[in-house]
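These notes are about the structure you will find just below.
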Amino acid sequence: MEKIKKITKYLTREELSMQHRLINIILSIGAMALVVCLIFDFFLGTGARTFWIMGLLIISFLVSLFVANVLKKPNLAGIILAAVANYLLMPLLFFAEGGKESGMPLWLTLASLFTFLIVEGWPCYVFYVLNVLMAGCLLYSDFTHPEMVQRMASRRAEYEDYLYGIAFVVLVFGIIFKFQGRLYEGKKKELEEKEQELIKMNLDLEKANEAKSVFLARMSHEIRTPINGVIGMNEMILRESGERNILNYASSIEVASNTLLSLVNDILDFSKIESGLMKIIPDEYDVFSFIRSCYTMLDMRSKGKGLKLKLDYNEKLPEKLFGDEIRIRQIATNLLTNAVKYTDSGTITFEIDYIKKEEPRIDLILRVTDTGRGISEEGIEGIFESFRRADERQNRNIEGTGLGLAITKQLVDLMEGSISVKSQQGRGSEFTVVIPQTQASSKPMGDFWAKFSTTTGTGENYEESFTAKEASILVVDDVPVNLQIIKLLLKKTKVGVDMATSGEECLEKYKEKHYDLIFIDHMMPKMDGIETFVELQKTDRYKEEKTPIIILTANAIQGADKEYMAVGFSDYMTKPVQVQELEKMLIKYLPEEKVTLKEEAR
Ligand code: ADP
């Protein structure tokens, strides 16, 4: 009994398809029934013909069972079973059990319908056609050679056989339909429930994600403001303090607050990208300035690590491009910072090239190669995913969040570009970014180093290009730190710097004292830079002295210079103020007799 249960369980187990289970049930019940019949027939002594038919059927059932379960080919088993039933059993029964004048047409129908259940795919339609042909042949034989058919014993037996047929066929198919219907309904309900669950989970996830992005954006924005204050004031300490100890402390504050700032900036950018708020704002930009700022940054970051830097650029690169310079610079900065971070010795190469596309389009290529620690094969997988750090064991002494490359990739995607990485552990890495840009000028950029040497001269070793003890200037800005910075930048030039934190204060000071030059910030509360300028022009002093006035602006928008000049400003300068730029302005606008140029600047 246990054995039978086990076999039944095995033949109807869940993982089998519906067709397979049905075949197993039909075959095993059929085979058992036939064995019982065979035993009865043997003892009752029915004809040898029936005996052979039954034996053949049992063998074919067992073969089918073997094919379905041992060879694991249920469709082939179904085909064998359907062939034996339709083309052996049914014809024999037709001729032996009364032909058309009995329940045989119903049994033929039953066998054909069963074929649809146990045979899958196109063979099932082949069976259908053959079955109809077969039924036609049998009926034709009955019609033309009625003597071939062994009739039922009486008319009553014929009707009874017909009735049994109806009862059996309807019952079998009724049960199958019900069974399949229930199965379908059950599955449908299960699917509907799962779908509802998924929709709810998705909604919850979206809400949680949105809340996270908003929280991160707010937090990082709030944190950024005070950090900027810390950095600004610390800068003052670094510039003004002469005490070694204090300078050491201030340097540590500088490093820590810059790390904190870049971390907060990364989180802000990441949440902006996640919530779809990061927008690409294309504008015209100068390719030389872009490369210079990347190179200067790379130079600064690699200081103290003894790394060799190599700049590999194409002189034919267009002088001006149209694209989002800020975001492209962010991409390059991320890759260059990583190269410095993960390289202990050797060379970092920054390659800038381009491929011409359909005029005026180009593909800008940025490639950063290092001879650093490299990344393992497993590490490279998912390297562009957020918060993913590769080879943590190898890099455990290096600070990082795993956000830089995720942001880089998302920015590249936003610009419809591509990023790829090649790396070998212990040998180094190569990151390549391709970004579609538009050419804004067909003039080539030319020799980078020639331009670089004429525009650079900053940093600790920077020497002032002139002195002007007699000169006096007024700087107007509502942010005191900005005023302090200009004052400090001009310390060595000995120019007298007065400061005002509003347009009103500027007017008061101007009325009282002569200035050789005035710098006014554009964006100020109450009276802005332009309004202050208008008021200054109305004063008697201005009418008489025509003091040169330069406007300071934080947005280097294309064409803004022309607008400021149209208002009447002598010049305009972008913030953050660069010392060379500032000195150039002073040399240009201060009275010549007050300026003593240093030898090299002449
Ligand atoms: P992290 O803040 O950890 O530097 P990133 O997203 O910038 O985050 O980089 C992800 C990981 O990729 C890093 O943790 C590091 O393992 C690996 N990686 C990135 N750039 C380099 C490189 N130039 N050399 C070796 N490994 C790198």
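Below are the figures for this structure:
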read-out	value
Average accessible area per residue (Å²) across the chain - probe 1.4 Å, nucleic acids and ligands excluded	59 Å²
Stokes-Einstein D for segment 116-223, Kirkwood Rh over Cα pairs, 25 °C, 0.890 mPa s (µm²/s)	117 µm²/s
J(HN,Hα) series, segment 371-383, from Karplus relation 6.51 cos²θ - 1.76 cosθ + 1.60, nearest Hz, glycine and proline x	10, x, 5, x, 10, 6, 4, 5, x, 5, 4, x, 5
Between segment 464-522 and segment 317-390, the Cα center-to-center distance that results, in Å	41 Å
Residue-count net charge about residue 483 - beta-carbon cut-off 10 Å; Lys, Arg +1, Asp, Glu -1	-3
Rounded to the nearest 20 debye, dipole of the chain from Cβ charges on Lys, Arg, Asp, Glu	2200 debye
Percent carbon-and-sulfur accessible area, segment 76-175, ignoring ligands, DNA and RNA, probe 1.4 Å	74 percent
Amide hydrogen neighbours beyond the local backbone of residue 307, cut-off 5 Å, H modeled	none
Within the chain, helix-based [θ] at 222 nm, where runs of 4 or more DSSP H residues each add -39,500 (n - 2.57), nearest 500	-19000 deg cm²/dmol
Inverse of mean 1/r across different Cα pairs in segment 466-601, Kirkwood, Å	15.0 Å
Heavy-atom accessible surface of segment 466-601: percent carbon and sulfur, 1.4 Å	52 percent
Compactness of segment 27-130, expressed as Rg and Dmax over alpha-carbon positions, Å	14.4, 44
Average Cα contact separation per residue, segment 321-461, under 8 Å, 6 or more apart, as relative contact order %	28 percent
Total formal charge among the other residues, if their Cβ is under 12 angstrom from that of residue 415, Lys/Arg +1 and Asp/Glu -1	-2
Mean Cα-pair separation over length for the chain, i.e. relative contact order, pairs under 8 Å, 6 or more apart, %	8 percent
Sequence-distant residues sharing a close amide H with residue 475 (under 5 Å, placed H)	498, 499, 500, 519
Of the DSSP H helices in the chain, those whose Cα atoms cover at least 18 Å axially and whose Kyte score averages -0.5 or more	18-44, 48-69, 104-118, 122-144, 155-240, 244-274, 287-302, 325-341
Sorted largest first, extent of segment 282-447 alpha carbons per principal axis (Å)	48, 31, 22
Volume per residue of the C-alpha convex hull in the chain, rounded to whole Å³	278 Å³
Rounded to the nearest 10 Å², the accessible area of residue 230 at probe 1.4 Å	70 Å²
Signed unit charges on C-beta, dipole axis of the chain, positive-most listed residue 215, 278, 167	167
Compactness index (Cα Rg / 2.2 N^0.38 Å), segment 404-532	1.67
Segment 514-527 - phi-based ³J(HN,Hα) in whole Hz, Karplus 6.51/-1.76/1.60, Gly and Pro as x	7, 10, 7, 7, 10, 10, 10, 6, 6, 8, 9, x, 6, 8
Antiparallel bridge percentage (DSSP; both residues within the chain; nearest 5)	60 percent
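The values are calculated or read from the model by the stated rules, or taken from the named source; none is laboratory data. Worth saying up front: this structure is predicted, and the values here are computed from it rather than measured. Don't worry about glycine lacking a Cβ; one is built from the backbone with ideal geometry, like all the others, and counts go over all protein chains shown. SASA here: full protein model, heavy atoms, side chains in, ligands and nucleic acids out. Shrake-Rupley method; radii C 1.70, N 1.55, O 1.52, S 1.80 Å.
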